[in-house]
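Before any comments, here is the structure.
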Amino acid sequence: LVNPAVTSIPADFLITNATSVVTCAGPAPRIGRRQGDVSALADAVLAGYQGRIVFVGSRDAGAAAVRLVPDGVTLNASGCTVIPGFVDPHTHAVYAGDRRHELRKRLSGASYAEIAAEGGGILSTVTATRAADEEQLVRESLPRFEDMLRSGTTTCEVKSGYGLDVESELRTLRAIARLGERQPIEISPTFLGAHEVPPEYRSQRQAYVDLVINRMMPAVAASGLAEWCDVFCDEGFFTVDESRDILLAGRAAGFGLRLHADELAASGGSLLAAEMGARSADHLLFATDGAATALAEARVVATLLPVAAFYLKLGRYAPARALIDAGVAVALATDVNPGGGFSPSMPFAMALACFAMNMTLEESLLAATLNAAYSLDRHHRVGSLEVGKQMDAVVVQGDLIDLVRVGVPAIKNVIKKGVVV
Ligand SMILES: [Zn+2]
């Protein structure tokens, strides 16, 4: 006879009685028709030990295999659905200042160009961010992470890009690193020195591109404070040729590549992302069928940000169906930012994905979890409820569809590394 106490799996955190555990299991990324396959287990148990998942399976198999250690925590998820913690792969959550008054102006009919002409837009955030010290950036940004966490996000990406000079970009990235230590959400940091040409370089664009490539990039690489290099490649921002030069330098400096592409016009960003083998091309409101094919062939993730399109009143959304049908892995993000990124909620992004971009509920969940984790190269650790991964989970009151009932607080618990946060 085998002593079950010896053979069983120790657990210090257990979620029981869930109506369904939706694992979103890999392999990552989920592409095409498989993007809708979320691997839901009815009446399942999820167990963690020291922050990692050690068991996911049926109640009976769990009862036989898992042993709760003394002082272990059991969460009764009766009537609930358990899903992976959300991964938000595109935010600009660290900045100083406040631009909410611009939203009111926009609601009164002002265009983005008119607001920018009055000193608003990205450049007003640049002015405030340059004036803020590191501690102020951390202090002002912290509540945004609390909002994200409450919305079920347990991992996110954050970009610099409101400093636009060497020291302010580095200071922003240091603030991002400190925020990663000060609150539960794990942060994947991105260097976005090419977010916008700052006012002092408006009449000498090439000098700014040179500054990004020759001064900022080496300093950021040496600091070890960023994993990714991103460029705002679009009409009125950086051209395809400028963006290519910056991405080439980014790749040479050891960064993974991401790109703001085809948000405001069909400006060639998607094709550049494919050409460069970027990990992710983001926004894509104007992506063509040809761009979708190129992204699929180059295995670039399409990270779609319908919350931004909604709050910016862009009047259109990315062609999610065409991208999925072309075989592109689609991810979702909130685009938290001081202008149009007004919601920290991945469930809201899912709701828009379903009801404005014609994705299925299951496709939108995969886009908000496993495919988002893949876009950040973290799919080995987060994004699904699989043995060996981090115990990052969200307990949803009711069914999966309750997540997209905007205004109803469906998120009951958020768990990061096996701790209810
Ligand atoms: Zn962005």
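Annotations for the structure displayed:
- Within region 195-245, restricting attention to residues that are among the hydroxyl-bearing types (Ser, Thr, Tyr) and away from the ligand (no atom under 16 Å from the Cβ), the residue that is surrounded by the most Cβ atoms within 10 Å (Cβ to Cβ) is Tyr208.
- Restricting region 86-102 to residues that are under 8 Å from the mean Cα position of the chain (by Cα) and part of a loop (DSSP other than H, G, I, E, B), the residue that is farthest from Val382 (Cα to Cα): Thr91
- One residue stands out in region 113-138 among those that are surrounded by 19 or more Cβ atoms within 10 Å (Cβ to Cβ) and of a type in the set (Ser, Thr, Tyr): the one that is nearest to Gly163 (Cα to Cα), namely Thr129.
- Filter result for Asp43 (under 23 Å from Ala410 (Cβ atoms), within 16 Å of the ligand (Cβ to nearest atom) and among the acidic types (Asp, Glu)): no
Condition check ((1) of a type outside the set (D, E, K, R); (2) within 21 Å of the chain's Cα centre (by Cα); (3) at pLDDT below 95) across all residues:
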| site | (1), (2), (3) |
| --- | --- |
| Leu259 | yes, yes, no |
| Ser270 | yes, yes, no |
| Glu275 | no, no, no |
| Leu284 | yes, yes, no |
| Leu304 | yes, yes, no |
| Leu312 | yes, yes, yes |
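- Residues (within 21 Å of Gly339 (Cβ to Cβ), of a type in the set (A, V, I, L, M) and crowded, with 20+ Cβ neighbours inside 10 Å) located in region 139-185: Met148, Val158, Leu164, Leu173, Ala175, Ile176, Leu179
- For Gly341: the one exception among (1) within 19 Å of the chain's Cα centre (by Cα); (2) in a helix (DSSP H, G or I); (3) surrounded by fewer than 23 Cβ atoms within 10 Å (Cβ to Cβ): (2)
- Looking only at region 41-73, residues that are free of Cβ contacts under 8 Å to residues at least 40 places away in the same chain, closer than 18 Å to Glu386 by Cβ and assigned to a strand (DSSP E or B) come to 7 in all.
- Residue count for region 385-417 satisfying the condition of being of a type outside the set (A, V, I, L, M) and assigned to a loop (DSSP other than H, G, I, E, B): 10.
- If you go through region 74-85 and keep only what is in a strand (DSSP E or B), aliphatic (A, V, I, L, M) and more than 30 Å from Ala177 (Cβ to Cβ), you end up with Leu75, Val82.
- Residues (away from the ligand (no atom under 16 Å from the Cβ) and outside any helix (DSSP H, G or I)) located in region 301-327: Lys313, Gly315, Arg316, Pro319, Ala326, Gly327
- Selection of first residues in region 323-345 that are in contact (Cβ under 8 Å) with a residue 40 or more places away in the chain and of second residues that are of a type in the set (Lys, Arg) and within 16 Å of the ligand (Cβ to nearest atom), restricted to Cβ pairs under 7 Å at least 6 apart or on distinct chains, gives the following pairs, ordered by first then second residue: Val336/Arg144; Pro338/Arg99; Gly339/Arg99; Pro344/Arg144.
- Counting only residues that are assigned to a loop (DSSP other than H, G, I, E, B) and away from the ligand (no atom under 16 Å from the Cβ), region 159-194 holds 4 of them.
- Unmet criterion (only one of (1) touching an Asp or Glu at 6+ places or on another chain (Cβ under 7 Å); (2) in a loop (DSSP other than H, G, I, E, B)) for Cys156: (2)
The values are calculated or read from the model by the stated rules, or taken from the named source; none is laboratory data. Note that the coordinates shown come from a computational prediction; the quantities given were computed from them, not determined experimentally. Heads up, the Cβs are rebuilt from the backbone with ideal geometry, glycines too, and the neighbour counts pull from every protein chain shown.
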